[in-house]
1. log10 I(q)/I(0), Debye, Cα-only the range 220-283, no solvent, q = 0.12, 0.19, 0.28, 0.29 Å⁻¹?
2. What FRET efficiency would be calculated for the residue pair residue 45, residue 210, taking the C-beta separation as r and a Förster radius of 41 Å, to the nearest 0.05?
3. Give me the distance in nm between label points sitting 7 Å out from Cα along the Cα-to-Cβ direction at residue 239 and residue 71, one decimal.
4. Checking the table 56/204; 43/94; 48/94; 52/94 against a 20 Å threshold on Cα-Cα, which pairs fail?
5. Using only the Cα atoms of the range 198-252, what are the Rg and Dmax in Å?
6. Between residue 350 and residue 108, what is the label-point separation in nm under the 7 Å Cα-to-beta-carbon projection?
7. If all Cα-Cα distances of the range 15-82 are sorted into 10 Å bins from 0 onward, what percent lands in each bin, rounded to whole numbers?
8. Based on the mean of other beta carbon atoms within 10 Å per residue, what is the order of 233-246, 42-55, most packed first?
Amino acid sequence: MSKLLLYVMFIFASFHLQGQSMFSDEFLNNPGKNAANFEKLFKIIETKRVPKIAQKNSVVLENGYALSKIKNPQDWQKLKAKHIATQIEVVYTKYPKDKEFWLTNYHQLLANRLQALFELDPLLNSKKIKYVVALQTQCETDEEARKMFHGIIIRYRLRTAEELKEIIEDEEEIPEEPGMPSGYSTVKRYIKNCGGMYDSMVYKAIERNKTNWKNIAVVCDWTASNYQYGAQSVVWHMEHLEESPINYFSFFNDGNAKYEDEKKIGETGGIYFADAKKTSKVMSAFNLSQRKGLGGEIPENDAEAILKTIEKYPEITSVAIVCDNSPFRDFELLYQVKIPVHVILQGTEWGINPQYQYGISYWRFATHFKTRLQC
């Protein structure tokens, strides 16, 4: 099979799996008109300086100061057939400090850089990928700013050997594995289609705490960047059904397909519940939450999901939330949480969201990070 045909099959299979693109043509062609909603699709962080040298499992594409053309497209071209992007970081210098005084229009430059990136590889425009804007602050003059790195960092993972075969197979009914509960084979295949358990932090966190946790509900962020992680909690539970401390699951997708101005604090919705012992019900909630969700925005209704789960199952004594490092849409509601919350947090490459840090000290959160701080 030729490399060209193989990559075309990857494109077809990935779009079949991943669904809609993250950035519409309207956003990319009219970024100024859609500036407010455009920025909401990114996590925006500030850091002193971003090194130009690629870290492990990442590639650095250089644009140059105020430019959008990619100078070294071959660096991703030689990787993309065997790797899948998990996070994209667009790097600027924050000079002048106020973007309104930038000589180049900020939103237009961002759109131009994304268009150049998507021309290089259309699969990089996907809701399966997390998008970050990194603003470097260690510059006080135009000369200093020009000397710093400006471009795009792609963080990636290796495709599994069986991934292509499994993605392009017809979605026939999957036979259950002998001795395993209903839905187990489906969720195992789902994880493989998301790239396999290349980062098993959620599975390991639950395994470490299986004897410490009692009468617990697992609340899963069920938006695209967290699918693979939330699914790990379901797999672990199904593999340890008799000893599992998990009594209930809930899956939240931040308001189904509502527009952001329709999402009210505490009433955003898109939360689906299931008795953990009835694994077929867990899979129904698992699938329904994904089908109903639209995703795309960075803030999510974590606090509402925790509170609604406690309201639904008042007999639970604690909650474990499996989530990414995105900001809370409804942080002010967390004071209403009266039982311990264990946070299994992924996506902490740029540091830990201060909302979680504050919650740890005030609301008795126990934390499990994708860093050395795992406990």
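1. Results for the range 220-283 at q = 0.12, 0.19, 0.28, 0.29 Å⁻¹ read -0.35, -0.75, -1.19, -1.23.
2. After rounding, the FRET efficiency stands at 0.75.
3. 4.6
4. Violating the 20 Å Cα-Cα cut-off are 56/204.
5. Here Rg and the maximum Cα pair distance are 10.7, 30 Å.
6. Modelled inter-label distance: 2.5 nm.
7. Using 10 Å bins, I get a P(r) of 14, 31, 45, 10 for the range 15-82.
8. 233-246, 42-55
Throughout, read-outs are computed from the coordinates displayed, never taken from laboratory work. All of these numbers come straight from a predicted model, not from anything done at the bench. Every residue, glycine among them, receives a Cβ derived from its backbone with ideal geometry; neighbour counts consider all protein chains shown.
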